[in-house]
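The next block holds one structure in the form of structure tokens; read it before the comments.
The values are calculated or read from the model by the stated rules, or taken from the named source; none is laboratory data. Quantities reported herein were computed from a predicted structural model and do not represent experimental measurements. Positions of Cβ are backbone-derived with ideal geometry, glycine not excepted, and every protein chain shown enters the neighbour counts.
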Amino acid sequence: MYLLLCRSLTYAQRSGKLLERKGITATVTKAPRETAKNGCSYCLRIPDRHREKALVLLESAGLAPERIFRLDEGRITEVRP
Amino acid sequence: MIYLDSAATAFQKPPSVRQAVWRAMETMSSPGRGAYPSAMYAADTLLECRMALCRLFGVIEPEAVIFTSNATHGLNIAIRSCVRPGDRVVISGYEHNAVTRPLHAIGAKVEVAAAPLFDRPAQLRAFREKLKGANAAVCTHVSNVFGFVLPIEDVAALCRAEGVPLIVDASQSAGILPIDFQGLGAAFAAMPGHKSLLGPQGTGVLLCREPPEALLYGGTGSNSLDPNMPDFLPDRLEAGTHNVPGIAGLLASVRWLLQRGIRNIRSHEEMLMQSFYADIAENPRLKIFRAGDPSAQTGLLSLQIAGMDGEDAAHRLAEQGIAVRAGLHCAPLAHRSAGTLDRGTVRFSFSPFNTQKEAHRAAAILMDMAR
């Protein structure tokens, strides 16, 4: 599972809708505390297999995530785009 | 009651508005706080409303559509974003106190681009003469007292050419006249949700092109560790809990307007105004402020009755079931420009829900009163 940290709830919603339209399941949730260096934020949860396609779609729509994290059995690690 | 005070607030609204408010109160909590279904339903509704407003006003980014509590709130944000103490600001002679009071409070040097009522070419000339070197300009699209449609597209073009940021007060035009925010190139456009947008009271919209200054500081559900307000929209301008039921209602009304068509609404209100005017035009006791060119006036008409105080006239009309507003309409500048400051006017303003029968009935009662 990847977490795409978005700069605002509105961006997260727009990103989620874009991905859903392209067949990628994307769930808007609150970002885990350790991922949001400025405090509260929202992120998109997407399945591992869709990461590359999701990033391309979001980048081309001007909705590139602020940061990207991998969530694996409760462990969160930041990954580069 | 025959309600003819839609310029103050729309009393009759599409039924879908009430239903949407009720549904919101039953199913939506607060957006931007949690991520459980009722919070996300609220968040999705806000985004849908922003996107519907984008379609209505020609805005590209939904983040540039800000929810306010009314037009006054939006105008205060816009003015405080564009104007510093001592700045020279050019305004039309038909501005509401929601424009003149914030400018006065800031200590701006206000210059009025004065022009006779309903004279659009003169209004444009007046702006052209004063704009050079101004720090900002504010122009109402439609006068709330007289329904005068100012040449906002041409004023906006002048401002663009001079590099002067323009703030548009769209309080009386949003939902009646087409507004292409992108095309205008204005810095901001403020409007209430509860007048011709037909949404609930407690809602308003501010369209942003320029980076704004926050007016309210508080919780946004984002960047909580940062003591500063977020530097991105809409969060920068939307501190505190949203009026979710209100915005849900506004979404319903905007969808109704998009479906019905602004031009059809304008045609209907023009027809009502013309019916009303035709019935009263020959009364020698009535001084009626009517544009010679119909395109220079919306479905809003002010008049004075010889020998009768305006508030007394409004009271007598109310006793007979006609709801109107009298006085200065929070716009003394407009009255000063039109020469009606000493007595004010009685204002009749129509909505998509008034009928021709109502226009005739109101005219008949007024004629009887003014015999």
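Please work out if B:P227 is within 18 Å of A:K37 (Cα to Cα) and either outside any helix (DSSP H, G or I) or at pLDDT 95 or above (or both).
yes
Evaluate the following for A:L3: is it more than 10 Å from chain B (Cβ to nearest Cβ), outside any helix (DSSP H, G or I) and surrounded by 16 or more Cβ atoms within 10 Å (Cβ to Cβ)?
yes
Examine segment A:70-79 for a residue that is among the β-branched types (V, I, T), surrounded by fewer than 16 Cβ atoms within 10 Å (Cβ to Cβ) and part of a loop (DSSP other than H, G, I, E, B), and state whether such a residue exists.
no
From the list B:S337, B:S295, B:S302, B:S351, which residue is over 26 Å from B:G93 (Cβ atoms) and hydroxyl-bearing (S, T, Y)?
It is B:S351.
Do we have any residue at all in segment B:13-29 that's outside any helix (DSSP H, G or I), surrounded by fewer than 17 Cβ atoms within 10 Å (Cβ to Cβ) and within 14 Å of chain A (Cβ to nearest Cβ)?
no
Can you name every residue in segment B:304-332 that is surrounded by 15 or more Cβ atoms within 10 Å (Cβ to Cβ), small (G, A, S) and assigned to a loop (DSSP other than H, G, I, E, B)?
Answer for segment B:304-332, where residues must be surrounded by 15 or more Cβ atoms within 10 Å (Cβ to Cβ), small (G, A, S) and assigned to a loop (DSSP other than H, G, I, E, B): just B:A331.
Would you confirm whether any residue within segment B:333-352 is assigned to a helix (DSSP H, G or I) and exposed (fewer than 15 other Cβ atoms within 10 Å of the Cβ)?
No - not one qualifying residue is present in segment B:333-352.
More than 14 Å from every other protein chain (Cβ to nearest Cβ), modelled with pLDDT of 95 or more and either touching a Leu at 6+ places or on another chain (Cβ under 6 Å) or not in a helix (DSSP H, G or I) (or both): which single residue out of B:A239, B:A248, B:A291 fits that description? So that I can check it myself, show each step before the final result.
Values: B:A239 fails: more than 14 Å from every other protein chain (Cβ to nearest Cβ); B:A248 fails: either touching a Leu at 6+ places or on another chain (Cβ under 6 Å) or not in a helix (DSSP H, G or I) (or both).
Answer to the check: B:A291.
Name the single residue that is nearest to B:K287 (Cα to Cα) among those in segment B:353-362 being part of a helix (DSSP H, G or I) and within 26 Å of the chain's Cα centre (by Cα). Working first, answer last.
Of all residues in segment B:353-362, those part of a helix (DSSP H, G or I) come to B:356-362.
Still in the running and within 26 Å of the chain's Cα centre (by Cα): B:356, B:358-359, B:362.
Values: B:Q356: 22, B:E358: 21, B:A359: 18, B:A362: 16 Å.
Checked segment B:353-362; the qualifying residue nearest to B:K287 (Cα to Cα) is B:A362.
Just give me the residues in segment B:82-92 being surrounded by fewer than 21 Cβ atoms within 10 Å (Cβ to Cβ), touching a strand residue (DSSP E or B) at 6+ places or on another chain (Cβ under 9 Å) and not acidic (D, E), in sequence order.
B:G86, B:R88, listed by residue number.
When the residues of segment B:30-45 are filtered to those that are part of a helix (DSSP H, G or I) and of a type in the set (G, A, S), which remaining residue is farthest from the other protein chains (Cβ to nearest Cβ)?
Filtering first and then ranking leaves B:S38.
Has segment B:164-180 got at least one residue that is surrounded by fewer than 24 Cβ atoms within 10 Å (Cβ to Cβ) and not in a loop (DSSP other than H, G, I, E, B)?
Checked segment B:164-180: at least one residue is surrounded by fewer than 24 Cβ atoms within 10 Å (Cβ to Cβ) and not in a loop (DSSP other than H, G, I, E, B).
Within segment A:30-64, how many residues turn out to be in contact (Cβ under 8 Å) with a residue 24 or more places away in the chain and within 14 Å of chain B (Cβ to nearest Cβ)?
Number satisfying all stated conditions: 12.
Give the residue that is nearest to the other protein chains (Cβ to nearest Cβ), with candidates limited to residues of segment B:46-102 that are of a type in the set (G, A, S), in contact with a Ser or Thr (Cβ under 9 Å, 6 or more places away or on another chain) and part of a loop (DSSP other than H, G, I, E, B). Full working, then the answer.
To start, the set of residues in segment B:46-102 that are of a type in the set (G, A, S) comprises B:52, B:58, B:64, B:69, B:71, B:74, B:78, B:81, B:86, B:92-93, B:98.
With the extra rule that they be in contact with a Ser or Thr (Cβ under 9 Å, 6 or more places away or on another chain), the set shrinks to B:69, B:71, B:74, B:92-93, B:98.
From the residues that got through so far, the ones that are part of a loop (DSSP other than H, G, I, E, B) too are B:69, B:93.
On the way: B:S69: 19, B:G93: 38 Å.
Ranking the candidates gives B:S69 first.
Please specify each residue of segment B:181-219 satisfying the condition of being within 14 Å of another protein chain (Cβ to nearest Cβ) and either in contact with a Leu (Cβ under 9 Å, 6 or more places away or on another chain) or assigned to a strand (DSSP E or B) (or both).
Result: B:C208, single match.
Just name the residue that is farthest from A:R70 (Cα to Cα) out of those in segment A:13-27 that are at the interface with another protein chain (Cβ under 10 Å from one of its Cβ atoms) and surrounded by fewer than 21 Cβ atoms within 10 Å (Cβ to Cβ).
A:K17
What's the number of the condition B:I2 fails, among (1) surrounded by fewer than 17 Cβ atoms within 10 Å (Cβ to Cβ); (2) within 30 Å of B:E270 (Cα to Cα); (3) hydrophobic (A, V, I, L, M, F, W, C)?
Only one criterion is unmet by B:I2, namely (1).
Check off (1) within 21 Å of B:L225 (Cα to Cα); (2) crowded, with 19+ Cβ neighbours inside 10 Å; (3) touching a residue at least 12 places away in the same chain (Cβ under 8 Å); (4) within 12 Å of another protein chain (Cβ to nearest Cβ) for A:T10 and give me the number that stays unchecked.
(3)
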